[in-house]
Amino acid sequence: MPCRSFSPPSGIHLRPFAGPQDFAAMVDCANASFAEDQTGWFRTVEEMARNYAAFVDCVPERDVCIAEVGGEIAGYVRCWPYVQADGLHLYAQFGVMAPQWRRRGIGRALHAWMEARQQEMARAHPQARAHAHHAFVTQGETARAALLEKAGYRAERHFFSMVRQNLDGIPDFPLPAGLEVRPVEPTHHRAIWEAHQQAFRTHWGFAPGTEADYLAWLSSPVFQPGLWQVAWDVDSGRVAGQVRTYIDATWNRANGVQRGWTEFISVGEPWRRRGLARALIVRSLRAQQAAGMTQSGLAVDTQNRDGALRVYESCGFVAAKRDCVYRKPLLLA
């Protein structure tokens, strides 16, 4: 959907992404938006270039729309499709607006373009059982949440961003019998990926990864196997559970902290309710401490059916922010 097909407010020019030459101005816009909303997020040009090069289901020249005022990027949106395990076709979105350009109708114009673009995406899959617009909104993005609610979106699911404010007094939760943690070798990567996919197949919102997703994961910034804690079943040789820890140095510099991330936590069904998640989490916390971190963070679905919230609380994490997934049915025109 060409950006020029939409009529923004006077003085505002909508245009498509023009290539890497846009990155610096897009980063400035995004960081101003993040700071205004106190999200804690931060981008660099190098990070944006790496992310855009690794996109699997988004073609920036087609799926990004930029709002300009006098040559300055006021805001931009990006959208991409994916399919849940239950067959629901979702059309995700990301949007930022520099604070000095808010409340002028620019956000509405960008959102109208984005929904029209997502209509185009959906029409390519008329056989799908259902389609929906999908947006993840952090606690501080009140203006964005208000825009979505006015556009007919409804809160579908809430997530906590949790923090362990220090790495003192890490509890001792031993590994269950018959399991062992092994250093990650390149020959393990596929098994670790597939075990995580299998463990998450019944979780709300899960979308199976593709081969392209797997290949992108191998070169992603969160691919830090030296920090991972992966438990193997000694008898079967299968991956029983994992915590794929990572450190985001850029985020830490921007926020003035030394935080590691205790993320991508999963336990295969045969090994659940034996304390394996707790054992791997505390091992992860010690690995982060050894790497110089002083705190740790993670995210959790507040309605997780496997008791994840209680597990994380028992490991010293507390809720710091409440984020939300908004959705709206997408009806084919």
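The values are calculated or read from the model by the stated rules, or taken from the named source; none is laboratory data. Keep in mind the model is a prediction, meaning the values are calculated, not measured. Backbone-built Cβ (ideal geometry, glycine too); neighbour counts: all protein chains shown. Accessible surface is based on the protein model in full, side chains and every heavy atom, while ligands, DNA and RNA are left aside. Shrake-Rupley method; radii C 1.70, N 1.55, O 1.52, S 1.80 Å.
Checked against the criterion of being aliphatic (A, V, I, L, M) and more than 14 Å from N166 (Cα to Cα), the candidates L227, L285 yield just one match: L227. With respect to (1) of a type outside the set (D, E, K, R); (2) under 20 Å from the mean Cα position of the chain (by Cα); (3) modelled with pLDDT of 95 or more, the lone exception for V56 is condition (3).
Restricting to segment 273-296, name every residue that is part of a helix (DSSP H, G or I) and open to solvent by less than 10 Å² (accessible area, probe 1.4 Å). Scanning segment 273-296 gives L276, A279, L280, I281, V282, S284, L285, Q288.
Residues of segment 289-310 that are β-branched (V, I, T) and touching a Phe, Trp or Tyr at 6+ places or on another chain (Cβ under 9 Å): V300, T302.
Out of curiosity, is V184 over 20 Å from the mean Cα position of the chain (by Cα), closer than 27 Å to C315 by Cα and either assigned to a helix (DSSP H, G or I) or among the hydrophobic types (A, V, I, L, M, F, W, C) (or both)? Against the criterion (over 20 Å from the mean Cα position of the chain (by Cα), closer than 27 Å to C315 by Cα and either assigned to a helix (DSSP H, G or I) or among the hydrophobic types (A, V, I, L, M, F, W, C) (or both)), V184 qualifies. Screening segment 223-255 for residues that are aliphatic (A, V, I, L, M) and assigned to a strand (DSSP E or B) and picking the one that is nearest to R50 (Cα to Cα) gives I247.
If you go through segment 117-156 and keep only what is buried (at least 17 other Cβ atoms within 10 Å of the Cβ) and farther than 28 Å from N304 by Cα, you end up with R117, Q118, Q119, M121, A122. Here P270 fulfils each of the conditions (1) under 19 Å from L175 (Cβ atoms); (2) assigned to a loop (DSSP other than H, G, I, E, B); (3) not charged (D, E, K, R) apart from (2). Scanning segment 72-95 for residues that are touching a strand residue (DSSP E or B) at 6+ places or on another chain (Cβ under 7 Å) and farther than 22 Å from L330 by Cβ yields I73, A74, G75. Total residues in segment 157-167 satisfying the condition of being over 19 Å from A287 (Cα atoms) and open to solvent by 90 Å² or more (accessible area, probe 1.4 Å): the figure is 0.
Once segment 9-25 is narrowed to residues that are free of Cβ contacts under 8 Å to residues at least 40 places away in the same chain and within 17 Å of A98 (Cα to Cα), the residue that is surrounded by the most Cβ atoms within 10 Å (Cβ to Cβ) is F23.
Look at segment 233-272 and say how many of its residues are open to solvent by less than 60 Å² (accessible area, probe 1.4 Å) and among the basic types (K, R). Count: 3.
Is one or more of the residues making up segment 206-213 assigned to a helix (DSSP H, G or I), in contact (Cβ under 8 Å) with a residue 12 or more places away in the chain, open to solvent by less than 30 Å² (accessible area, probe 1.4 Å) and over 23 Å from R259 (Cβ atoms)? Steps first, answer last, please.
In the first step, residues of segment 206-213 are kept if they are assigned to a helix (DSSP H, G or I); the result is 211-213.
Checking which are in contact (Cβ under 8 Å) with a residue 12 or more places away in the chain leaves us with 212-213.
Subsequent filtering for residues that are open to solvent by less than 30 Å² (accessible area, probe 1.4 Å) retains none.
No; the residues of segment 206-213 include none that is assigned to a helix (DSSP H, G or I), in contact (Cβ under 8 Å) with a residue 12 or more places away in the chain, open to solvent by less than 30 Å² (accessible area, probe 1.4 Å) and over 23 Å from R259 (Cβ atoms).
Please find, among S220, S161, the residue that is not hydrophobic (A, V, I, L, M, F, W, C) and not in a loop (DSSP other than H, G, I, E, B). Step through it out loud before you land on a result.
Details: S220 fails: not in a loop (DSSP other than H, G, I, E, B).
Testing whether each residue is not hydrophobic (A, V, I, L, M, F, W, C) and not in a loop (DSSP other than H, G, I, E, B) leaves just S161.
For segment 168-178, check the following and say yes or no: at least one residue is at negative phi, part of a helix (DSSP H, G or I) and open to solvent by 30 Å² or more (accessible area, probe 1.4 Å). Checked segment 168-178: no residue is at negative phi, part of a helix (DSSP H, G or I) and open to solvent by 30 Å² or more (accessible area, probe 1.4 Å). Restricting attention to segment 316-331 and to residues that are in contact with a Lys or Arg (Cβ under 6 Å, 6 or more places away or on another chain) and in a loop (DSSP other than H, G, I, E, B), the residue that is most open to solvent (accessible area, probe 1.4 Å) turns out to be G316.
With respect to R310, determine if the residue is without any contact (Cβ under 8 Å) to a residue 12 or more places away in the chain, at negative phi and open to solvent by 70 Å² or more (accessible area, probe 1.4 Å).
Values: without any contact (Cβ under 8 Å) to a residue 12 or more places away in the chain: yes; at negative phi: yes; open to solvent by 70 Å² or more (accessible area, probe 1.4 Å): yes.
When the stated conditions are applied, R310 passes them.
Could you tell me whether A30 is without any contact (Cβ under 8 Å) to a residue 24 or more places away in the chain, of a type in the set (G, A, S) and either within 29 Å of A207 (Cα to Cα) or out of contact with any His (no Cβ under 8 Å at 6 or more places or on another chain) (or both)? Against the criterion (without any contact (Cβ under 8 Å) to a residue 24 or more places away in the chain, of a type in the set (G, A, S) and either within 29 Å of A207 (Cα to Cα) or out of contact with any His (no Cβ under 8 Å at 6 or more places or on another chain) (or both)), A30 does not qualify. Answer yes or no: is there a residue in segment 177-189 that is closer than 17 Å to I281 by Cβ and of a type in the set (D, E, K, R). For segment 177-189, residues closer than 17 Å to I281 by Cβ and of a type in the set (D, E, K, R): present. Of all residues in segment 28-53, those being within 20 Å of A143 (Cβ to Cβ) and either open to solvent by 30 Å² or more (accessible area, probe 1.4 Å) or under 18 Å from the mean Cα position of the chain (by Cα) (or both) number 15.
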